[in-house]
Amino acid sequence: MNPINTNAANSIRHPHQTGITLIELVIVIIVISILTAIATAKISSSNITVGQQAEQFATDIRHVQSLAINWGCELTLTITATPSQYEVTSKQAYANKPCNVAAAIIKDPISQQNFTITLSNGVRFTADSTFYFDSFGRPINAAGTIINVDTSFDLTSGGISYRVTIIRLSGYVTVVKV
């Protein structure tokens, strides 16, 4: 007679084991992942940080440079600390171009809205400033000559600051936490 392994026999006789199966574990992980994704999306959409707004400001500067090149216009970027906002206007009037009225706020061709952006969630610029771009997207001064120094704009909120810098000559835009 062959001896019967009692452990193997017990596992065969009791198919309902206690504990968590792999399928149940995977389902729980999926549910937790979905809930985390929903919570993260709600938090990030309601609380735009100073870093995100600094990156958006840098992106908007690059967009203004692109518009200046595509339209063949000199554009003005005006920054105000109170209220903390920036807007883009045409430096002068150009016939038959989207920037056809001097000092008028231009319409962003993407959103079809006036190119005026107000910072949110307590983020603010530390100073007022006016900046210009020529029809090649290069940074220029009010007289129309290429600037000879890098120009920076600081955004701050709750003791956190970011600096957006436009590099002289090239117009390259950088963002760094300061």
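The values are calculated or read from the model by the stated rules, or taken from the named source; none is laboratory data. Worth saying up front: this structure is predicted, and the values here are computed from it rather than measured. Note that we place each Cβ from the backbone using ideal geometry, even for glycine, and neighbour counts take in every protein chain shown.
Kindly check whether there is at least one residue in the range 71-81 that is at negative phi, modelled with pLDDT under 90, of a type outside the set (Asp, Glu) and out of contact with any strand residue (DSSP E or B) (no Cβ under 7 Å at 6 or more places or on another chain). Looking for residues that are at negative phi, modelled with pLDDT under 90, of a type outside the set (Asp, Glu) and out of contact with any strand residue (DSSP E or B) (no Cβ under 7 Å at 6 or more places or on another chain), one finds none in the range 71-81, hence no.
Let's see how each residue does on (1) under 29 Å from VAL178 (Cβ atoms); (2) of a type in the set (D, E, K, R):
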residue	(1), (2)
ILE34	no, no
HIS63	yes, no
TRP71	no, no
THR78	yes, no
LYS97	no, yes
ALA102	no, no
ILE105	no, no
SER111	no, no
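Picking from residues in the range 139-178 that are touching a residue at least 40 places away in the same chain (Cβ under 8 Å) and in a loop (DSSP other than H, G, I, E, B), the one that is farthest from the chain's Cα centre (by Cα) is GLY144.
Within 30 Å of PHE136 (Cα to Cα), β-branched (Val, Ile, Thr) and at pLDDT 60 or above - does that describe any residue in the range 8-31?
Of the range 8-31, the ones within 30 Å of PHE136 (Cα to Cα) are none.
No, the range 8-31 has no match at all.
If you go through the range 131-169 and pick out every residue that is crowded, with 16+ Cβ neighbours inside 10 Å, aliphatic (A, V, I, L, M) and under 20 Å from LYS91 (Cα atoms), you end up with 3.
Can you pull out every residue in the range 45-81 that is within 17 Å of LEU119 (Cα to Cα) and among the polar types (S, T, N, Q)? SER45, SER46, ASN47, THR49, GLN52, GLN53, GLN56, THR59, THR78, THR80 - these are the residues of the range 45-81 that are within 17 Å of LEU119 (Cα to Cα) and among the polar types (S, T, N, Q).
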